[in-house]
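Undergrad: Have a look at the structure that comes next, please.
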Amino acid sequence: MQLALTNVGHRRALAVDRKEPGRAPLPGLDEALVALLGRGHEPWQGSRAQRDLMARAWVEAVEEPVDEAAIALRYRRNPLENVIKVVVEFTTCCNLSCEHCYNAGVGLRTENDLAALDAATAVFADMAIPNYSFTGGEVSKFGSGWLGLARSIRARGAQTISVLSNGWFLGEKDFEAAGRRYRDDRAYLDDLRDHGVSHVVFSIDGPEAVHDRSRGSPGLYARVVGGLGRVREASLEPRLSLLARSGPKDELARLVLDLAPLLYGQSDGAMERFCADETNIVSNFIDIGNGARKGGGIGYSLDAFPAEILRCKAFYRPYPHLTLKANGELSTCRIAQGGEGYGNFHLRPMVDILNHMQDAFIYRLHAEGRIADYLPLVDPEVFGTTCIHPCSLRAFTTMVAQRMHEAGVEAGDGEAVARINREVAAITGHLKDGGHRV
Ligand SMILES: C[S@@+](CC[C@H](N)C(=O)[O-])C[C@H]1O[C@@H](n2cnc3c(N)ncnc32)[C@H](O)[C@@H]1O
Ligand code: SF4
């Protein structure tokens, strides 16, 4: 029998070889992994190291005679190679209903099997993935247990842990957050820091009036801006997640000019630092969820959409992040359920899911460029004839394809395809109560 590295083993071997920080060293095993990385494959000798690597699913048996070119190709195309961050969507519950939120149609769920989530994140620590981000919904309010998990992730060597928030707790006194009681926002921020959180990322959807309207929360912009200094005083790094939408020219640049000094101090170059710092986020508006209802008549036409743009590399060569969804799914895309289909850590060990990503239908759908075959099956009567952001079209086409595959529905079964279109549209925000497009 011959052994070769699995996806997880290969990613760890690269991390060891490149001396990347953030993983507990395993003397003996790490050397064996790097040696195997160099050789490509090796015969099974039943050594202690080989048995241990096999038990961890960092190596696997390969068919003989060994196809060396296939092993080399598999290593070159390891879908985990470029992942540098894991986003943990701990809950989909939220205290707001923002007018753009892509999660609006997704079912409400909070992870309550903390041991399973902890075990899933440990696999990423094995591969020395350095960065973790907690998101929701609003995890800072509804994510009971997330702080304990953050502490555990940090203890395994994570370099950064960020939490994404709408900022609801800034300026509050005597409030409850994720099952704990806090005297004020500073006490909460101190507790985040004490649990290993390094960055607090607040969302801003535009200038003050635009933000407060979009969030349905008068005064929220001022509270977020006023709270950034308190985040710094608590020895945490404040950061921003900005929503770029079609507003007046230079609106986004002005926003960054105004806000960057509050993150980095009044020194020259705050804007450049904001742009170079990957812990800030700038997202274009994606017309999904509540955002789908904002869709206008402009954008990409569904019937003339280029096939090569529909295919998305994030599904087979994810960078920079993978997401663990609140329903337990490993996901490559954060929009609605667009990136789900690789496996669920409540049903299968995470190491098994990661090692077999290439076998998933959703992986092959994009890697082999077959996603375009499904575009004619997306019903413009349901989803409209145009979309604003290509990712919304990618997400709902992928969801239609994934559901057809799961249910064994053929393209010619018009009734079943129509049913699946409606099911997907209910999640992506394209259906109103009666089943008609908004
Ligand atoms: C889903 S929220 C969860 C975290 C937290 N509740 C918040 O609002 O910051 C994560 C980020 O996604 C952004 N977002 C939500 N819907 C979006 C959309 N349709 N297009 C682009 N970004 C969106 C939000 O503005 C936020 O920065
Ligand atoms: S964008 Fe964030 S705060 Fe707004 S509804 Fe979505 S999850 Fe909640």
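The values are calculated or read from the model by the stated rules, or taken from the named source; none is laboratory data. A quick note: this is a predicted structure, and the numbers were derived from the prediction, not measured. Methodologically, a virtual Cβ is constructed for each residue, glycine included, from the backbone with ideal geometry; neighbour enumeration extends over all protein chains shown.
Undergrad: Quick one: how many residues across region 276-293 are outside any loop (DSSP other than H, G, I, E, B) and surrounded by fewer than 18 Cβ atoms within 10 Å (Cβ to Cβ)?
TA: 6
Undergrad: Here's something else I'd like to know. What residue, of A177, A187, A150, is under 30 Å from N78 (Cα atoms), among the small types (G, A, S) and outside the structural domain of L53 (by TED's automatic domain parsing)?
TA: A150
Undergrad: Still on this structure: If you go through region 127-149 one residue at a time, how many are more than 11 Å from ligand 2 (Cβ to nearest atom), under 19 Å from the mean Cα position of the chain (by Cα) and at negative phi?
TA: The total comes to 11.
Undergrad: Quick check: is even one residue across region 45-53 crowded, with 18+ Cβ neighbours inside 10 Å, touching a strand residue (DSSP E or B) at 6+ places or on another chain (Cβ under 8 Å) and of a type in the set (A, V, I, L, M, F, W, C)?
TA: Yes, region 45-53 contains at least one residue that is crowded, with 18+ Cβ neighbours inside 10 Å, touching a strand residue (DSSP E or B) at 6+ places or on another chain (Cβ under 8 Å) and of a type in the set (A, V, I, L, M, F, W, C).
Undergrad: Hey, can you tell me all the residues within region 64-93 that are part of a loop (DSSP other than H, G, I, E, B) and more than 16 Å from ligand 1 (Cβ to nearest atom)?
TA: Passing the criteria: E64, P65, V66, D67, R77, N78, P79, L80, E81, N82, V83, I84.
Undergrad: Condition check: within 16 Å of ligand 2 (Cβ to nearest atom) and over 22 Å from M399 (Cβ atoms). Does S283 satisfy that?
TA: For S283, the condition - within 16 Å of ligand 2 (Cβ to nearest atom) and over 22 Å from M399 (Cβ atoms) - is not met.
Undergrad: Another question about this same structure. Keeping to region 13-22, report how many residues are touching a helix residue (DSSP H, G or I) at 6+ places or on another chain (Cβ under 6 Å) and surrounded by 18 or more Cβ atoms within 10 Å (Cβ to Cβ).
TA: So the count comes out to 2.
Undergrad: Any residue at all in region 129-136 that's part of a loop (DSSP other than H, G, I, E, B), more than 14 Å from ligand 1 (Cβ to nearest atom) and closer than 30 Å to G40 by Cβ?
TA: For region 129-136, residues part of a loop (DSSP other than H, G, I, E, B), more than 14 Å from ligand 1 (Cβ to nearest atom) and closer than 30 Å to G40 by Cβ: present.
Undergrad: Out of region 238-280, which residues are among the charged types (D, E, K, R) and either within 16 Å of ligand 2 (Cβ to nearest atom) or touching a Phe, Trp or Tyr at 6+ places or on another chain (Cβ under 6 Å) (or both)?
TA: Selection gives R239, R245, R273.
Undergrad: Considering each of D191, D212 in turn, give the residue that is part of a helix (DSSP H, G or I), away from ligand 1 (no atom under 16 Å from the Cβ) and farther than 21 Å from F274 by Cα.
TA: Matching residue, one of D191, D212: D191.
Undergrad: Looking at (1) crowded, with 22+ Cβ neighbours inside 10 Å; (2) part of a loop (DSSP other than H, G, I, E, B); (3) within 16 Å of ligand 1 (Cβ to nearest atom), which one does L96 not meet, given that it meets all the others?
TA: Answer for L96: the failing condition is (1).
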